[in-house]
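Taking it in order: structure first as structure tokens, then the write-up.
No value in this document is a laboratory result; all are computed from the given coordinates. It should be emphasised that the depicted structure is a prediction, and the values quoted were computed from it without experimental measurement. Cβ sites come from the backbone with ideal geometry, for glycine too, and all protein chains shown count toward neighbours.
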Amino acid sequence: HSTTGAQTPAYYVSTPIYYVNDRPHLGHAYTTVAGDVLTRWHRQRGEKVWYLTGTDEHGQKIMRTADANGVTPQEWCDKLVEEAWKPLWQHLNIANDDFIRTTQQRHTDRVQEFVQDLFDKGEIYKGGYSGPYCVGCEEYKLQAELLDGATEDEKLCPIHKKPVEWLEEENYFFRLSAYGPKLLEFYAENPGFIAPETARNEVLRFVEQGLQDLSISRSTFNWGVPLPWDEKHVLYVWVDALQNYITAAGYGSDPERFAELWPASVHLVGKDILRFHAVIWPAMLMAAGLPLPKRVVANGWLMVGGEKMSKSNLTGIAPQDLTSHFGVDAYRYYFLRAIPFGTDGSFSWEDFSARYTSELANDFGNLASRVAAMVGKYFDGALPAATAPGPAEQAVADGLAAAVRTADRKIGEDLDFAGGLAAIFEFVKQVNGYISDQEPWKVAKDDSQEGRARLATVLYTAAESLRATAVLLNPVMPDTAEKLWVSLGAEAGLGALAAQSIATAGDWGRLPAGSTVTKGEILFPRLEEKPAA
Ligand code: ME8
């Protein structure tokens, strides 16, 4: 605990740290974009936020890949991190605050201290284990969950559909079995700890069956963090990996920062690695006497041909193959809008194109360009004041307030990105409906003072709606929202888009009359033909 006084806890979100055995695909980007939208949303609320991602670089999977490529594991990791992983996050406009690599000394030193502490407390003992192991998962499997392979002796991992290997060795064990009752108690007291509900139920059933102690070291290869008390062993890659969430946050090195960041607000994970995060990780933290993260939220899988998209099975699609066609912002939008968070979903070129055209280009992009064009044509680009508001305008203002409330709850609290985006785009539809009803191009033919006031009111209402839409979409589509902000001339009166708060986004009338509206860039250009496969 910090002695320098009360700290405001930061909203701390983590992604899994990804294995760098290969390049990233849509599945990795899915979790990372979700975390980016979540943290940008909280930043836009004015909260202190910390967003962590990184890479998992130890273990047999990485070692074998490096061997097969004739380089050392460290060389392999350095190359993949610098050439593939970091550039992708930059390309997708991910605003992470830190990037942890498990081969960094700031990590390995703290990991050694952590396990030494557990060893000293008697939480770790020496034993032996034999069982089927999947290198793809880096996990011992249970006989019962294996699938039949091509021959009588061959058994397959249910996730990777690849043969498991029989491992038999002397290792160190963590007394995981002792934590079953404490974990169940914790889940009962913290019903929101694991989401969604299906994930929570799966974990409860698993723990209720009784836990086995966990093998936490390996002595048949050396690509890992050495056990400080027995250097013939390296730490099991998952035990090392999970600790990134505290080592990056200043555990053991910067107590003040650690007090501010820990416990994490949300660990985002794919559903395949839920048990590590919702069972093993909390048990290790309990053993160390550290607070547990507040939430573990599991996303579903992006599927290809009915199977999980995966590096190991060569079904990965590179995000750049889609962003080069649809653009980065549409990419960020599409996966969160199309797949309810927590459920599996598949990407289809047709579905993406359809949503791009109807939701982004027609409903949203056209609205922005029509409004800017009309303010230009009828008021020389100077936003007029709404001098004659009536019930139609009140309905738009009410629709906005409702959209802000719903989106804030769904995106900011429930991680229901699809629901939150639906609420924002319902509002966009409402504004389109308002313009069709008001027919400003007809009102413009009425030169009377009353006609001018009506026209001014309609255009102000539309522009003010776009002002709020830019704020709400900034966490999801930052470049597009910025273009819109610029085209509305909002910066002069309201300041930078990033400084706008969600809390006041729904307050009607913030965009000052007199703002200089210009017809900016087309937000979502028409799609070219699909490139030949
Ligand atoms: O498991 N659909 O790393 P990893 C959706 N190093 N999400 C997917 C996905 C798919 N088809 N494929 C991958 C590891 N993901 C460990 C994590 S954490 C302490 C250590 C995402 O490279 C999803 O978030 O196999 C999944 O949890 C993560 O990538 C696994 O990445």
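Observations on the model:
- Residues satisfying the criterion are absent from the range 67-90 (criterion: over 20 Å from Asn244 (Cβ atoms) and crowded, with 17+ Cβ neighbours inside 10 Å).
- Verdict on Arg370 being closer than 21 Å to Ala462 by Cα, surrounded by fewer than 19 Cβ atoms within 10 Å (Cβ to Cβ), among the basic types (Lys, Arg) and within 24 Å of the chain's Cα centre (by Cα): no
- Restricting the range 240-280 to residues that are among the charged types (D, E, K, R) and more than 7 Å from the ligand (Cβ to nearest atom), the residue that is nearest to Thr31 (Cα to Cα) is Lys271.
- Filter result (closer than 20 Å to Tyr133 by Cα and of a type in the set (Asp, Glu)) within the range 40-68: Asp56, Glu57, Asp67
- Selected residue (criterion: nearest to Asn93 (Cα to Cα)) from residues of the range 318-350 that are more than 16 Å from the ligand (Cβ to nearest atom) and free of Cβ contacts under 8 Å to residues at least 40 places away in the same chain: Ser324
- Residue in the range 381-391 that is surrounded by fewer than 16 Cβ atoms within 10 Å (Cβ to Cβ), away from the ligand (no atom under 16 Å from the Cβ) and among the hydroxyl-bearing types (Ser, Thr, Tyr) present: yes
- Residues within the range 474-500 that are surrounded by fewer than 24 Cβ atoms within 10 Å (Cβ to Cβ) and assigned to a helix (DSSP H, G or I), tallied: 15
- Some residue of the range 93-107 being under 25 Å from Tyr172 (Cβ atoms), surrounded by 14 or more Cβ atoms within 10 Å (Cβ to Cβ) and among the hydrophobic types (A, V, I, L, M, F, W, C): yes
- Within the range 33-85, the set of residues being free of Cβ contacts under 8 Å to residues at least 24 places away in the same chain and among the charged types (D, E, K, R) comprises Asp67, Glu75, Asp78, Lys79, Glu82, Glu83.
- The single condition from (1) closer than 28 Å to Val237 by Cα; (2) touching a Gly at 6+ places or on another chain (Cβ under 7 Å); (3) more than 9 Å from the ligand (Cβ to nearest atom) that Trp41 fails is (1).
- Residues that are within 20 Å of Phe276 (Cβ to Cβ) and touching a residue at least 12 places away in the same chain (Cβ under 8 Å), drawn from the range 144-164: Glu145, Leu146, Cys157, Pro158, Ile159, His160, Lys162, Val164
- The residues of the range 340-362 that are crowded, with 22+ Cβ neighbours inside 10 Å and under 14 Å from the mean Cα position of the chain (by Cα) amount to a single one, Phe341.
- Listed by position, the helices (runs of 4 or more DSSP H) enclosed by the range 249-327 that each have at least 2 residues that are under 26 Å from Gln212 (Cα atoms) are 281-288.
- When residues of the range 475-533 are limited to those that are more than 26 Å from Tyr331 (Cα to Cα) and free of Cβ contacts under 8 Å to residues at least 12 places away in the same chain, the one nearest to the chain's Cα centre (by Cα): Thr504
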